Amino acid sequence: MKPLLIAILCVAFVSCKQGKKEVTLIGQWEYEKMVNFSGKDINPQDEALLQNKGLLFIFDKTTFKVTRKKEDGSIEQISSGEYKLSDDKKIIVSKKTDGSVSSLQVVELSAEYLKVNENPYSEEYLVLKKIKP
């Protein structure tokens, strides 16, 4: 009886562990909208937000690339370099190919959405939707 109980507990433990999937930055994230911290969407026709249309953030294990799809269908590279996600998954520090270093505050990271704040003094954040793992 004891070996059967131990086997059942082992199977239950392994099953629970396999069900939990780690959320990562790796993948492609497309700009969806801008939201303020009170939860209200920012007007998508706002002149400043129109430049975000078509933004795509691509992360692999250590590098990133930001591109924008133009209205004519061509792709413009905005930025690229290396990045590191802090252990608590609250800050993305990037070192761009031009040598500059910047950071993004992670408001939320889930399997479907990445919400980041570019400016610590800003009342808004970008909402990016994962389109490809």
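The values are calculated or read from the model by the stated rules, or taken from the named source; none is laboratory data. None of the values given here were measured: they were computed from a predicted structure. Here the Cβ is made from the backbone with ideal geometry for all residues, glycine too, and neighbour counts use every protein chain on show.
Data table
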quantity	calculated
Test: residue in region 79-86 that is among the hydroxyl-bearing types (Ser, Thr, Tyr), at pLDDT 95 or above and touching a Phe, Trp or Tyr at 6+ places or on another chain (Cβ under 6 Å)	yes
Contacts under 8 angstrom Cβ, first residue in region 50-63 being farther than 9 Å from residue 83 by Cα, partner modelled with pLDDT of 95 or more and in a loop (DSSP other than H, G, I, E, B), 6 or more apart	60/26
Of the criteria (1) modelled with pLDDT under 85; (2) of a type outside the set (Lys, Arg); (3) surrounded by 11 or more Cβ atoms within 10 Å (Cβ to Cβ), which one residue 64 fails	(1)
Near pairs, Cβ below 7 angstrom, 6+ apart or cross-chain, from region 113-130 (more than 19 Å from residue 89 (Cβ to Cβ)) to any residue that is among the hydrophobic types (A, V, I, L, M, F, W, C) and part of a loop (DSSP other than H, G, I, E, B)	123/37; 124/42
3 or more residues buried (at least 16 other Cβ atoms within 10 Å of the Cβ) and aliphatic (A, V, I, L, M): qualifying strands (runs of 3 or more DSSP E) within region 86-133	101-109, 124-132
Cβ-Cβ under 6 Å pairs, at least 6 apart or on other chains, region 86-107 side among the small types (Gly, Ala, Ser), far side exposed (fewer than 14 other Cβ atoms within 10 Å of the Cβ) and assigned to a strand (DSSP E or B)	94/102; 103/93
Within region 56-72, considering residues that are farther than 15 Å from residue 97 by Cα and part of a loop (DSSP other than H, G, I, E, B), the one farthest from the chain's Cα centre (by Cα)	72
Positions within region 43-58 being of a type in the set (A, V, I, L, M, F, W, C) and either at pLDDT 80 or above or surrounded by 16 or more Cβ atoms within 10 Å (Cβ to Cβ) (or both), in sequence order	49, 55, 56, 57, 58
Tally, over region 95-132, of residues that are in contact with a Lys or Arg (Cβ under 8 Å, 6 or more places away or on another chain) and farther than 21 Å from residue 46 by Cα	11
